[in-house]
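The values are calculated or read from the model by the stated rules, or taken from the named source; none is laboratory data. Keep in mind it's a predicted model, so treat the numbers as computed, not measured. Here the Cβ positions follow ideal geometry from the backbone for every residue, glycine too, while neighbour counts run over all protein chains shown.
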Amino acid sequence: MENAAPVILLVDDDPGVLETYRRSFAQFEPLLAHDGVAAQTILSAFAVDVVVCDLKMPGMKGLDLMKWAREHCQPNPEWIVVSGEATLDATIQALKLGAFDFICKPILSPMQLRTAVTNAARHKRLLAEVAERRALEVALRESERQVRQLVENIADLAWSATADGRIDFYNRRWYEYTGTTFEQMEGWGWRSVHHPALLEQVVERWTRALATGEPFEMEFPLRRADGVFRWFLTRVRPLRDADGRITRWFGTNTDIDEARAARSERERLIADLRQSVEARDEFLAIAAHELRTPLTALQLQLEGTAHLIGRTSNPGNDKLLGKLAVASRQVTHLGTLVNGLLDVARCIQGRLIIETEEVDLAEIVRAVVERCGPQAQSAGCALIVDAEKEVKGRGDRTRLDQVVSNLVGNSIKYGAGQPIRTTLHAVEGVALLRVEDRGIGIRPEDTARLFARFARAVSSNSYGGLGLGLYIARQIVEAHGGTIDVASEVGQGSTFTVRIPLVGPPAERKREASS
Amino acid sequence: MTTLACTGIFVVDDDDDVRDTFIQTLTDEGYPAFGAANGKEALGKLRDGAPLPCVILLDMMMPVMDGRAFRAEQLQDGLLSNIPVVVLTAHADIRGVERDLRTGVLRKPISLAQLFEIAATHCGKPTSPRWSP
């Protein structure tokens, strides 16, 4: 802007004079007007810096043009009026209207006029600069006022420090909270509202931030006016100038006392809960183990008694043996339930042990189906088996038997007296076992938690059991490196699918590979 | 099956009912049987000069001295180390126990048939059932 040539408008009714002017200012490429109206048009269209205007013109006089410009041109150009002696009054009036200079006709040298124009242009430029600077200052002050107002009114405590870390401003909230004065807090005085236990650490962190220029965040307590300490999250950021030098530091302290209390309360609750769950699992393991011992004795006593009775030939033995058989079945059932609990406890504690050996799944399936025969018959379910003659792989015979028993047992239980189909095939090194019933089915919202602990999809009033079977089945299948899933539709029945790699559990393979 | 002179079956289990049931059932069947409530008591009885048993039924989890410690002591003792031991455990890791204790292992609860099979294997067929109608 400073280097830009001034825009000059020359107004005179005498074409000869205009031509002279034009030549004098050729380097500025001046605008020319031969009367007031033409000048008005130009002034309306261009931002003119300096007008050289003849006062005495036919039509619109120079003074009228000046008056018009004062109202219509923003900013008003600088005016240099040119007048003969006859127009002295007009000259004075022009000066009163704010003309920058006047030149008497006849103009003796182009130099005189050029100097006047140059001075006027410089004056105009200075005025513009002053106005601009003033506007900037006003804007800056306003912006500062707004920032200050913002800082004063935020809920956080806030402060700013010089580049070397002396705090020279605190907001109102700081004083309200701490009940201190600026004199007490100035510089490093803030240390007096810190908790002694953490002060050293705070000072160290703040000093390090000052040394490295890194922003820092820390949680520490600050003393309230009444002496109570509350926890604050403090964030401090450096403010840098255009060259990247730190000019100030700006910090806020956000009250997080309640959030912190809530957080530690939550952590305590979670710890409590975890402890309770662990205690429950531990109890489960111990209880199941303890329950088995008397069952062992009880079972042996029943069998021993039956054995002894069998040696005699008293009348009524059959009745006694029948009663003993019922008692023995109940003890077996009790043992199964207790074993289930023990298995769950083992699964939870990660102590489910898979003893692998060469097994034939087809043999297991046939054995289970045969064993379930009486149960299926009393439920009115026909058991259909479609298994390959032999599906050999590595696995835990007892555990796999448990899985198949559980699935077939469930199907009988929930099979609504419809046929149950068990299929077993080896497909690309994977044993594929399906147990399919046409029973009551499972609602979609229940299938997800079906394999979870203590889960059951139906009310425990109508169907007994602890709801552990599928959980254990899944643990066993997964320990073999396999998967188990279910597809079901309410009223249509369920299909459980088990896939087990025939090469054996992953852990065993790993062990073999490393040995 | 050859009939052997049975010197008794030694039941080591801390649970009185389980121990007594084993002893009583075996006795009823014609096998001399006696017991101890833990490993330490068992070692004491084995070292008091009485005839040594044909087989020891050993529980794993016991107070004072458990099955593992008992077995270690027994193997150290030249006079006792040859007595066969069958471990009865509710422990899941049957293979691990078999390997560590170098014994046969049966998972609790065992059936009457299993008990009699152990007795028959180590002591032969009983000649004179004590209990009679």
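I'd like to verify a number: residues in segment B:96-126 that are part of a loop (DSSP other than H, G, I, E, B) and within 13 Å of chain A (Cβ to nearest Cβ), how many?
The number of residues fulfilling the criteria is 5.
Considering only residues that are out of contact with any Ser or Thr (no Cβ under 7 Å at 6 or more places or on another chain) and surrounded by fewer than 22 Cβ atoms within 10 Å (Cβ to Cβ), which ones fall in segment B:49-70?
B:G49, B:A50, B:M61, B:P63, B:V64, B:M65, B:D66, B:R68, B:A69
For the subset of segment A:306-324 comprising residues that are more than 11 Å from chain B (Cβ to nearest Cβ) and within 24 Å of B:D20 (Cα to Cα), which member is surrounded by the most Cβ atoms within 10 Å (Cβ to Cβ)?
The initial filter retains those residues of segment A:306-324 that are more than 11 Å from chain B (Cβ to nearest Cβ), namely A:315-316, A:318-324.
Keeping just the survivors that are within 24 Å of B:D20 (Cα to Cα) gives A:320-321, A:323-324.
On the way: A:L320: 14, A:L321: 15, A:K323: 11, A:L324: 18.
Only one residue tops the list, namely A:L324.
Given the condition more than 13 Å from every other protein chain (Cβ to nearest Cβ), in contact (Cβ under 8 Å) with a residue 12 or more places away in the chain and more than 16 Å from A:H289 (Cα to Cα), answer yes or no: does some residue in segment A:325-345 qualify?
yes
Table: residues versus (1) within 17 Å of A:L424 (Cα to Cα); (2) surrounded by 15 or more Cβ atoms within 10 Å (Cβ to Cβ).
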{"residue": "A:V359", "(1), (2)": "yes, yes"}
{"residue": "A:A362", "(1), (2)": "yes, yes"}
{"residue": "A:V365", "(1), (2)": "yes, yes"}
{"residue": "A:A376", "(1), (2)": "no, yes"}
{"residue": "A:G380", "(1), (2)": "no, no"}
{"residue": "A:I384", "(1), (2)": "yes, no"}
{"residue": "A:A387", "(1), (2)": "yes, yes"}
{"residue": "A:G393", "(1), (2)": "yes, yes"}
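Out of everything in segment B:92-123 that is under 22 Å from B:G8 (Cα atoms) and in contact with an Asp or Glu (Cβ under 6 Å, 6 or more places away or on another chain), what residue ends up being surrounded by the most Cβ atoms within 10 Å (Cβ to Cβ)?
B:V105
Any idea which of A:R70, A:R22 is under 13 Å from A:L10 (Cα atoms), in contact (Cβ under 8 Å) with a residue 12 or more places away in the chain, out of contact with any helix residue (DSSP H, G or I) (no Cβ under 7 Å at 6 or more places or on another chain) and basic (K, R)?
A:R22
So, in segment B:72-85, how many residues would count as being assigned to a helix (DSSP H, G or I) and surrounded by 13 or more Cβ atoms within 10 Å (Cβ to Cβ)?
Number satisfying all stated conditions: 4.
Could you tell me which numbered condition A:Y21 fails, if it satisfies all but one of (1) surrounded by fewer than 22 Cβ atoms within 10 Å (Cβ to Cβ); (2) in contact with a strand residue (DSSP E or B) (Cβ under 9 Å, 6 or more places away or on another chain); (3) aromatic (F, W, Y)?
(1)
Which condition does B:D48 not pass, out of (1) farther than 30 Å from A:E355 by Cβ; (2) in a helix (DSSP H, G or I), if it passes all the others?
Going through (1) farther than 30 Å from A:E355 by Cβ; (2) in a helix (DSSP H, G or I) one by one, B:D48 breaks only (2).
Between A:E370, A:E303, A:E358, which is closer than 22 Å to A:R397 by Cβ, charged (D, E, K, R) and either touching a residue at least 24 places away in the same chain (Cβ under 8 Å) or within 12 Å of chain B (Cβ to nearest Cβ) (or both)?
A:E358
Being modelled with pLDDT under 90, surrounded by fewer than 20 Cβ atoms within 10 Å (Cβ to Cβ) and part of a loop (DSSP other than H, G, I, E, B): is that true of A:G491 here? Even if it seems obvious, please write down each step before you answer.
On the way: modelled with pLDDT under 90: yes; surrounded by fewer than 20 Cβ atoms within 10 Å (Cβ to Cβ): yes; part of a loop (DSSP other than H, G, I, E, B): yes.
So A:G491 fits the description; yes.
State whether one or more residues within segment A:454-474 are modelled with pLDDT of 85 or more, in contact with a helix residue (DSSP H, G or I) (Cβ under 6 Å, 6 or more places away or on another chain) and in a helix (DSSP H, G or I).
Yes, because at least one residue in segment A:454-474 is modelled with pLDDT of 85 or more, in contact with a helix residue (DSSP H, G or I) (Cβ under 6 Å, 6 or more places away or on another chain) and in a helix (DSSP H, G or I).
As an exercise: evaluate A:E363 against (1) in contact (Cβ under 8 Å) with a residue 60 or more places away in the chain; (2) more than 14 Å from every other protein chain (Cβ to nearest Cβ); (3) not β-branched (V, I, T) and give the number of the one condition it does not meet.
Every condition holds for A:E363 apart from (1).
Checking B:L88 against (1) modelled with pLDDT under 80; (2) within 14 Å of chain A (Cβ to nearest Cβ); (3) crowded, with 21+ Cβ neighbours inside 10 Å: exactly one of these is not met. Which one?
(1)
Could you list all residues from segment B:63-74 that are within 16 Å of B:D100 (Cβ to Cβ) and either small (G, A, S) or touching a residue at least 40 places away in the same chain (Cβ under 8 Å) (or both)?
B:G67, B:A69, B:F70, B:A72
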